[in-house]
Each structure stands twice: as structure tokens, then as C-alpha cells.
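In what follows, a structure is listed as C-alpha cells, so that the remarks can point back to it.
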Amino acid sequence: MTRSALRAFGPVSLFPHRLRSMLLAAAIVVGVVATTGIAGYADPSPAPGQVEAQIDATWGQLEPLIEQYNAVHEQKVAMEAKVAALQAQIQPLQMQVDLAMSRVGAISAQAYKFGPGSKLNALLQSGSPDQFLSQLSDLDEIARQETAMVADIAALRDRYDQQKKPLDEALAKLQQQDAALAAQKRQITDRITQLNQLRLTAYGSGNGTGNLRPVACPQTYDGSLGARAAKFACNQIGKPYVWAADGPSAYDCSGLTEASWRSVGISLPHNALEQKQVTVPVSLGNLHVGDMVYYYRDVHHVVIYVGNNWVVAASTFGQPIQMQKLDMTRYNSAGRPHGA
């Protein structure tokens, strides 16, 4: 390096210091680039469809577990009823045994009073040997009757106890299975809740559809048949209303609900009133995504529920399919297809 070049860096004594400063500055720049680069190229939030695929897979695990839980829980409830019924039969028998044993105890006390050590005194007090023998005979007969009755009742009680024992053992096993399945059900349900939150985050507030879909649609999604039917309805938002149409490019109100459930393998009539007649009634407090909500006294309009008091509706000519708030001024009832 020439002297002039060295002068460009200033006095030689300052060169190491400036070099250190330059290296430090470079390190800072590299660190900032690395940091922002990692943030910039981090894995983006999953798309709604990706999250829904995960929810569908998780629901595939949950649905058979729910069915298994329902079966075991039903068996447990039935077994509890059997055990309670036997317990109800045993209880009065036990009371009879206790009462009879009390009477036998009193007779035994009397027999002890008139035992060998007191026979002479009893004879003196009885007035005559015949009266004394009669008392002893009566006492023995009563004791035999009471003892026989106690034995009969106790045998009957023991027979019930023997019948109850295997029921108690079966109930204990069912209770263990019920608790284990309930715990698994909670775990999978919690996972679906987490995935659904990811899904709502991925959708954002409007999903680019403006007033027709102001919020995520459906609002909740658990992979069930109803959720998938609701998702189908959400995917039709923006398509036109056409009387008597049931897709794929246009729908009327019952055509939309009919097509939504047809997409998951469940057939419904193409008529709002007939749909009400063939679905299971659902209360407002138990509405689930995918349920049909029927409007007006004569049920001439139907919409599909998509969660959090939102519905998807094919309303009328000139209005595209869109999300609306549940309208209680027109509300008639709600229903869910059998098997959903």
C-alpha cells in the first residue's frame, strides 16, 4: 500500500481503531439484514384452506371418538340405572333384615332371662309349671319364626347383592372408559378451537369480499358435516339469486340450502317448508353452523346458519348471495338434517 493510500485512512496510529469501527458497523448491518431477512422470509400464516384441511383431518379423528364416547356414555347411564334399580330393591330388604334382627335380639334377651340360671326363679314367679312351659314354648316358636324370616330375607338380599356385584364391576369399567374418552374428546376439541382461531386470523376481517362477506365465513368451523355444508354456502357468496335454481352458478333460498347439504351427501327437498318438515328442530341456543333457519309464519324463506348470529342467504331477485345477520323479526324456527 502506498503512503498516499495510507494517508487516506489518516494517521497510521488511528488505522486499527478505524478498522475496528468499520468491522463493527459491518457486523451491525449484517445483523440487521439477517434479522429483517428472517422476519421477511418467515413462514407466512397458513391460508384458510390449509387450516380447514387440518381441521377436516382433526375432525376425522374426533367424529369416530365422539360416536365411541356416545356409545360408552349411553351404556354407562343404562348401567347406572340398573345398579340404582337393584339398590332400590335391596334397601327395603336390608331394612327388613335389620328390623327382624332387632326382634330376634329382643327374643334372645328374653330367652337369656329365662335361661337355666333363672328357671327356678321364673317357675316361682309364673304361678305354675304349665304356665312356665307355655311361655318357653311360645318364646321358642316366635324365635324360630323370626330366625326363619331373617334367613329368608337375608338370602334374598344376598341374591340381589350377587346380581349387583357384576353390574358394579361393569359400571366401574364403563366409568373409566367414559372418563378416558371424555378427556380425549376435550383434547381434540381444544385442537379444533386452536385451528379455528388460526383460520379466522388467516381470513382476516373481510377476505376481500366487501359487504357481501364482511366477516369470515363460516364464523366457526369444526370439520363436521354442518360446517362443511356452511362452507359450501359461503363459497357461493356473490352468485346471483335465480328463482328455482339450485346451482352451480345461481340459487334461490331453498336451492342454496339444498345444494349446501347435497355437497356433503345429505338430500333435502327444494322447498323451505318441506325442509322444515324433514329436519330435526333445533333451539336458538343450540344452533350449529350448517343449520337451516326458517323465516316467516308460513315458512316461505330459509337461510343457512354460519355462526355468531350470521347466516348466508339467497334473498331475492337482484341481490347476490350474501352474509346477513340473523333476523329475529322474521324468525320462525330452525332445523338440522337427520344424521348431521
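Among the residues of the stretch 242-262, the ones that are under 15 Å from H338 (Cα atoms) and without any contact (Cβ under 8 Å) to a residue 40 or more places away in the chain come to 2 in all. Does D298 satisfy the condition of being free of Cβ contacts under 8 Å to residues at least 40 places away in the same chain, acidic (D, E), assigned by TED's automatic domain parsing to the domain that holds A230 and over 23 Å from Q219 (Cβ atoms)? Considered against the rule, which asks whether it is free of Cβ contacts under 8 Å to residues at least 40 places away in the same chain, acidic (D, E), assigned by TED's automatic domain parsing to the domain that holds A230 and over 23 Å from Q219 (Cβ atoms), D298 comes out as yes. Checked against (1) more than 28 Å from the chain's Cα centre (by Cα); (2) within 17 Å of L225 (Cα to Cα), Y296 passes all but condition (2).
Here the helices (runs of 4 or more DSSP H) wholly within the stretch 200-305 that include at least 3 residues being among the aliphatic types (A, V, I, L, M) and within 23 Å of Y331 (Cβ to Cβ) are 225-235, 272-278. Within the stretch 256-271, one or more residues are surrounded by fewer than 20 Cβ atoms within 10 Å (Cβ to Cβ), over 27 Å from G60 (Cα atoms) and polar (S, T, N, Q).
The values are calculated or read from the model by the stated rules, or taken from the named source; none is laboratory data. Please read all numbers here as calculations on a predicted model, not as lab measurements. All Cβ positions, even for glycine, are placed from backbone atoms using ideal geometry, and neighbour counts span all protein chains on display.
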